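Trainee: Got a structure here, written out as structure tokens. Questions coming.
The values are calculated or read from the model by the stated rules, or taken from the named source; none is laboratory data. The structure displayed is predicted, hence computed values, not measured ones. As a convention, Cβ positions derive from the backbone with ideal geometry for all residues, glycine included, and neighbour counts pool all protein chains shown. Just so you know, the surface numbers come from the protein's heavy atoms only, side chains and all, with ligands and any DNA or RNA stripped out. Shrake-Rupley method; radii C 1.70, N 1.55, O 1.52, S 1.80 Å.
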Amino acid sequence: MIILGIDPAIRTTGYGVIKADINAGSGMEIVDCGVICNKQSMPHTECLRRLYGGISELINLYHPDCAVLEEPFVGKNAKTAIILGMARGGILAALAQNDIPAYAYNPTVAKRAATGSGGAEKSRIAFILAAEFGIAVEEIPLDSTDALALAMCHIQRLRFPTLNGIGKQL
């Protein structure tokens, strides 16, 4: 099974692609991870076009069985929440266009699944993932760590659904 983890943002959307045998109960491989970047000077419409295109490109390249996104949260700034909602909308449109089911997890749940701590910093997640997968920590962009943690979380939940259940389907 191939899982596409996505940490949505309008300027730096992190992604991580993990391949795993759900039935085996062990063994995962990071296939790819990175960031879809948009410059601060770009209008939101261009950022959304690029997010849609970037996610579509990842889908065409890796043919994921499903995607996992961070559950949205509303902070103190409503404008930020609206912009994040736009980014999620562009990403979800690309997933829907390609019939890729999408699930959502709270960021603390995903971080706990990857590191044992729901409050882990990106650098800690990268360090643990590098050790887990036997790769250099420099190969994991910090903005992709949460996306990889989301994908790992979903794999764990698929393997052991009676423990926690899978995330909310979008």
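Trainee: Across segment 47-64, in residue order, what do the Karplus-derived ³J(HN,Hα) couplings come to in whole Hz, using 6.51 cos²θ - 1.76 cosθ + 1.60 with θ = phi - 60° and x for Gly and Pro?
Mentor: Rounded to whole hertz, the list is 4, 5, 4, 5, 5, 4, x, x, 5, 4, 5, 4, 4, 5, 7, 10, 6, x.
Trainee: Name the residues of segment 6-43 whose amide N is less than 19 Å from a point 7 angstrom out from the Cα of Ile83 along the C-beta direction?
Mentor: 7-15, 35-43
Trainee: Okay, next question. If I compute solvent accessible area with a 1.4 Å probe over the protein chains, what percent of it on segment 12-72 is carbon and sulfur?
Mentor: It is 49 percent, rounded to a whole number.
Trainee: Can you tell me what share of the DSSP beta bridges in the chain is antiparallel? A percent to the nearest 5 is fine.
Mentor: Roughly 70 percent of the beta bridges in the chain run antiparallel, per DSSP.
Trainee: Considering amide H positions built from the backbone, and no H for Pro or chain starts, which residues 5 or more places from Asp32, or on another chain, come under 5 Å of its amide H?
Mentor: Val17
Trainee: Using a 7 Å offset from the Cα along the Cα-to-Cβ direction at both Ser56 and Val31, what is the distance between the two label points in nm, to one decimal?
Mentor: Here the modelled spin labels are 2.0 nm apart.
Trainee: Mind putting a number on the dipole of the chain about its Cα centre? Charges go on the C-beta only, +1 for Lys and Arg and -1 for Asp and Glu, and I need it in Debye to the nearest 20.
Mentor: Using only the charged Cβ atoms, the result is roughly 600 debye.
Trainee: Right, here's the next one. Please compute the Kirkwood hydrodynamic radius of segment 43-170 from all pairs of different C-alpha atoms, in Å with one decimal. Kindly include the intermediate steps, with their values, before the conclusion.
Mentor: Numbers: mean 1/r = 0.0641 Å⁻¹.
When all Cα pairs of segment 43-170 are included, the Kirkwood radius is 15.6 Å.
Trainee: Lys168: which aspartates and glutamates have alpha carbons under 12 Å from its alpha carbon, excluding same-chain residues fewer than 8 sequence positions away?
Mentor: Excluding near neighbours in sequence, the set is Glu70, Glu71.
Trainee: Name the long-range amide H neighbours of Ala102: under 5 Å, sequence gap of 5 or more, or other chain; modelled H, no Pro or chain starts.
Mentor: Ala67, Leu170
Trainee: To the nearest 500 deg cm²/dmol, what mean residue ellipticity at 222 nm is calculated for the chain from DSSP H runs of n ≥ 4 alone, each contributing -39,500 (n - 2.57), summed and divided by the residues?
Mentor: On the way: 6 runs with 79 residues, N = 170.
Rounded to the nearest 500, the figure is -15000 deg cm²/dmol.
Trainee: So with the 1.4 Å probe, I'd like the accessible area per residue for segment 52-145, rounded to whole Å².
Mentor: 52 Å²
Trainee: Here is a follow-up. Compute, for segment 32-128, the length of the dipole vector about the Cα centre, with Cβ point charges of +1 (Lys, Arg) and -1 (Asp, Glu) only. Units Debye, rounded to 20. Before the final figure, lay out the partial values.
Mentor: Numbers: 10 positive and 8 negative charges, 97 e Å.
Its charge dipole is roughly 460 debye.
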